[in-house]
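Written out below as structure tokens is the structure these notes cover.
The values are calculated or read from the model by the stated rules, or taken from the named source; none is laboratory data. If you're wondering where the values come from, they're calculated on a predicted model, not measured in any experiment. Virtual Cβ from ideal backbone geometry, glycine too; neighbours counted across all protein chains shown. Ligands, DNA and RNA are excluded from the accessible area calculation, which covers all protein heavy atoms including side chains. Shrake-Rupley method; radii C 1.70, N 1.55, O 1.52, S 1.80 Å.
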Amino acid sequence: MSKVVAIDGTSGSGKGTLARRVAEYFSFSSLDTGLIYRMMAYLDVQGESYRDFSLERFSTMRDTIEEAVFRSDDVSIRSSLLARDADVRNIATELQRNFVKDSLEKGRGVVLDGRDIGTTVVPDAFCKFFLTADVEIRAKRRWMDLRKVNPNVSYTDVLENLRKRDKCDQERDNSPLTFTSDYTIIDTSSGSAEDVFAKVRDVVTERLSSYG
Ligand code: C5P
């Protein structure tokens, strides 16, 4: 078993916020794996090659390009489409495994959030969570967030975007979004982000106590 917390789930279910809090609480390294696919999609849109995408490139892009660029509707949909490609997944998976290896070698636990962390990237992760929520609730939350920066954003567009990405992620042949019996499933439709964090914190604390 690796000291890795895998947080998988549907788009907009609160994985990112949770992963950041868990990493901070346990002083683990963390990696938002969706950002890797988003950056590759962004490069593709720009007509640049993503074939040599690396952790170094990831860090440079994160430090020099505003994150909102990678979170636009256009890049979101493109990342889900691109993520169906086996070569793209191999590049992203290798990068994620290198990040995990490096952190574990330094004695640090790791939190990864994505779609296939516990099923493909780190199948021996010691804690696996699968987050989901009703698609309309996820869309409403995302819409309210997006409206803070763009008051004209349409709820229907946000809902449609989430539905398309769910379909793309669940129906692809390579590492589709799913979970296995070793996952703790959490429905975030009701309850606060605090409730979800408390539940996850307790499971990780308990596993750590028997981890040694
Ligand atoms: O998590 P986020 O919404 O930022 O991810 C963007 C897209 O990248 C997802 O819609 C999904 O298609 C893809 N992805 C993936 N596997 C991961 C993380 C993200 O296929 N581990």
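Against the conditions (1) in contact with a Leu (Cβ under 8 Å, 6 or more places away or on another chain); (2) at positive phi, residue 170 satisfies every one except (2). Here residue 140 passes the criteria (1) modelled with pLDDT of 95 or more; (2) more than 30 Å from residue 191 (Cα to Cα); (3) open to solvent by 50 Å² or more (accessible area, probe 1.4 Å) except the one numbered (2).
Among the candidates 79, 29, 59, single out the residue that is more than 12 Å from the ligand (Cβ to nearest atom) and in contact with a helix residue (DSSP H, G or I) (Cβ under 8 Å, 6 or more places away or on another chain).
Working: 79 fails: more than 12 Å from the ligand (Cβ to nearest atom); 59 fails: in contact with a helix residue (DSSP H, G or I) (Cβ under 8 Å, 6 or more places away or on another chain).
After ruling out the rest, the residue left standing is 29.
Does residue 87 meet the test of being over 23 Å from residue 208 (Cα atoms) and over 15 Å from the mean Cα position of the chain (by Cα)? Can you show your working first?
On the way: over 23 Å from residue 208 (Cα atoms): yes; over 15 Å from the mean Cα position of the chain (by Cα): yes.
It is true that residue 87 is over 23 Å from residue 208 (Cα atoms) and over 15 Å from the mean Cα position of the chain (by Cα).
All of 189, 175 fail the test of being open to solvent by less than 50 Å² (accessible area, probe 1.4 Å), more than 24 Å from residue 137 (Cα to Cα) and either of a type in the set (S, T, N, Q) or in a strand (DSSP E or B) (or both), apart from 175.
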